[in-house]
Amino acid sequence: MLTTRIIPCLDVKDGRVVKGVKFQGLRDAGAPAELAHAYETQGADEIILLDVSATHEGRAHQIDTVRRVREKLSIPLTIGGGVRQPEDAGRLLDAGADKVSVNSAAVRDPELLSRMAERFGSQCTVISIDGARVGDHWEVVVRGGREKTGMDAIEWVKRAVSLGAGEVLLTSWDRDGTRSGYDLDFLQAVSEAVRVPVIASGGANTPEHMVEAVEAGADAVLAASIFHDGDWTVDALKEVLADRGLCIRSVAKG
Amino acid sequence: MNKTPEQVVIIRTGVANIASMLAAFERLDVTPLLTEDREIIADADHLVLPGVGAFGAGMKRLEELNLVDILRERLISGERATFCVCLGLQLLCQGSEESPGVEGLGVIEDHARRFSDALRVPQLGWNQVVPADADANTFLTEEGYAYYANSYRLKSIPEGWRGARSTYGAPFVAAIERGNTLACQFHPELSSAWGQALMRRWLVGNPARG
């Protein structure tokens, strides 16, 4: 059976993990490589690393960061942030990414997805969509939610997949950072609209939220603060999720 | 006792990323040499056929590098250590639904087929791997979880090979082995400690096989 992936997400700015990370036993909790490795040891199924650097200079650290993370990490690594051309994705893949996610650049230039899929394969090409609820539908937002695009999120996800995206990273802009649970309606609408894997993001606070997300159609669940704040270790969370009946990769204690 | 080699030769198929594969060998204290040099590949004691990308592009590349015969002979004899990953496994077949009309290496009398449309494809994630007929002399000895990123697969373990299965909708071939050849549909290099252990067993080789 294919298991539900539990994915810690690290926001990285200028080569350092942002948001207060409280992690026991790390020499440097701000170093992406060390933190990612610690999550692997706990049983994380994948790591997503989003570069939120605002400047070109900040982004210069990105390749070096990916290289350092890859050296230690033997689980899949998805990188997002700053990819505008297939060449950008190529550099990240060469440095050690297994998948590359694109968000606002694909909104501006949807063909970016087909160029990436053609060159690297759909299994490397992740469409990241931030959606905000507007009445009875969801609208695509970009630039950290500051800019509404007027695009219908469900139509966009269908188009992105038809262009070659092999996975959807779906973030509810309304729920992100609120810890009030994933937007289950959004998740269900998207997972019914496409036949590629969907990663739920935005709002996770409890194992129950993750069970609900899987019931709504998610193939993987992403969380950040509940791990970074030390509320849950990945293995403790997985134990609860397995007890609740989810198919989970168990990690032998060693 | 056998030891791990100092070096493995990885065929530069050039289609996509293999940084994870390089990093995994480095963690095992083996130097990976990424090359398209026919002589080096022909002489390699430990050879890796990595696989990301499409079946047709992969075969085209092997033909351009004039490696088809070398690989076919090597894989049919199974004497020297060869490790095929993901598409690398599918290339052993006669062909694939992914690239109709393109002839594969033909070491296995079968075709790679796409997963059912009822499933989410590609299969992305961790699936349980269950060895079908393991014994003390097989590389695939223990059950575990492995990471997959594939849309195509083999349905049954070919005759004359041993293997392991996973289930996605229906059972499919997780990995096969014969002699010193190990071919995995999943990505051992991305399968954490379990994957590293499997790679190490392939590197060390089995004393019983010589």
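Here are the numbers for the structure shown:
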item	result
Only one of B:A54, B:A42 that is within 18 Å of the chain's Cα centre (by Cα) and within 26 Å of B:R201 (Cα to Cα)	B:A42
Region A:225-238, subset over 14 Å from A:H209 (Cβ atoms) and out of contact with any helix residue (DSSP H, G or I) (no Cβ under 9 Å at 6 or more places or on another chain), residue nearest to the other protein chains (Cβ to nearest Cβ)	A:G230
Test: residue in region A:168-183 that is crowded, with 23+ Cβ neighbours inside 10 Å, within 14 Å of another protein chain (Cβ to nearest Cβ), at pLDDT 95 or above and out of contact with any Pro (no Cβ under 9 Å at 6 or more places or on another chain)	yes
Where a residue in region A:75-97 is within 14 Å of chain B (Cβ to nearest Cβ) and its partner, wherever it lies, is assigned to a helix (DSSP H, G or I) and of a type in the set (S, T, N, Q), with Cβ under 7 Å and at least six apart	A:I75/B:S192; A:G96/B:S20
Top-ranked residue in region B:23-55 [being within 16 Å of B:S191 (Cβ to Cβ) and not charged (D, E, K, R); ranked as farthest from the other protein chains (Cβ to nearest Cβ)]	B:V48
Single match in A:R195, A:R249, A:R244 (criterion: in contact with a Gly (Cβ under 9 Å, 6 or more places away or on another chain) and among the basic types (K, R))	A:R249
Options A:V157, A:V134; residue that is surrounded by fewer than 16 Cβ atoms within 10 Å (Cβ to Cβ) and of a type in the set (A, V, I, L, M, F, W, C)	A:V134
Qualifying residue in region B:164-182 (condition: over 25 Å from B:A81 (Cα atoms), within 14 Å of chain A (Cβ to nearest Cβ), buried (at least 17 other Cβ atoms within 10 Å of the Cβ) and not β-branched (V, I, T))	yes
Number of the condition not met by B:G58 [criteria: (1) more than 14 Å from chain A (Cβ to nearest Cβ); (2) in contact with a Leu (Cβ under 6 Å, 6 or more places away or on another chain); (3) over 23 Å from A:L73 (Cβ atoms)]	(1)
Yes/no for A:V52 being on the phi < 0 side of the Ramachandran plot, of a type outside the set (F, W, Y) and surrounded by 23 or more Cβ atoms within 10 Å (Cβ to Cβ)	no
For A:A29: the one exception among (1) surrounded by 19 or more Cβ atoms within 10 Å (Cβ to Cβ); (2) closer than 24 Å to A:R5 by Cβ; (3) small (G, A, S)	(1)
Of residues in region B:116-131 being within 17 Å of the chain's Cα centre (by Cα) and more than 9 Å from chain A (Cβ to nearest Cβ), the one nearest to A:S191 (Cα to Cα)	B:V129
Tally, over region B:118-151, of residues that are in contact with a helix residue (DSSP H, G or I) (Cβ under 6 Å, 6 or more places away or on another chain) and hydroxyl-bearing (S, T, Y)	1
Hits in region B:131-151 - residues which are small (G, A, S) and surrounded by 13 or more Cβ atoms within 10 Å (Cβ to Cβ)	B:A132, B:A134, B:G144, B:A146, B:A149, B:S151
Filter result for the condition that a residue is modelled with pLDDT under 95, touching a strand residue (DSSP E or B) at 6+ places or on another chain (Cβ under 7 Å) and within 28 Å of A:S122 (Cβ to Cβ), over A:A200, A:A224	A:A224
1 or more residues among the basic types (K, R): qualifying strands (runs of 3 or more DSSP E) within region B:1-119	B:111-114
Residue within region B:140-156 that is within 21 Å of B:G53 (Cβ to Cβ), charged (D, E, K, R) and more than 13 Å from chain A (Cβ to nearest Cβ) present	no
Elements of type strands (runs of 3 or more DSSP E) in region A:156-254, at least 2 residues being among the small types (G, A, S)	A:198-201, A:220-223
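The values are calculated or read from the model by the stated rules, or taken from the named source; none is laboratory data. Treat the numbers as computed from the prediction; the structure is a model and nothing was measured. Note: ideal-geometry Cβ built from the backbone for every residue, glycine included; neighbour counts use all protein chains shown.
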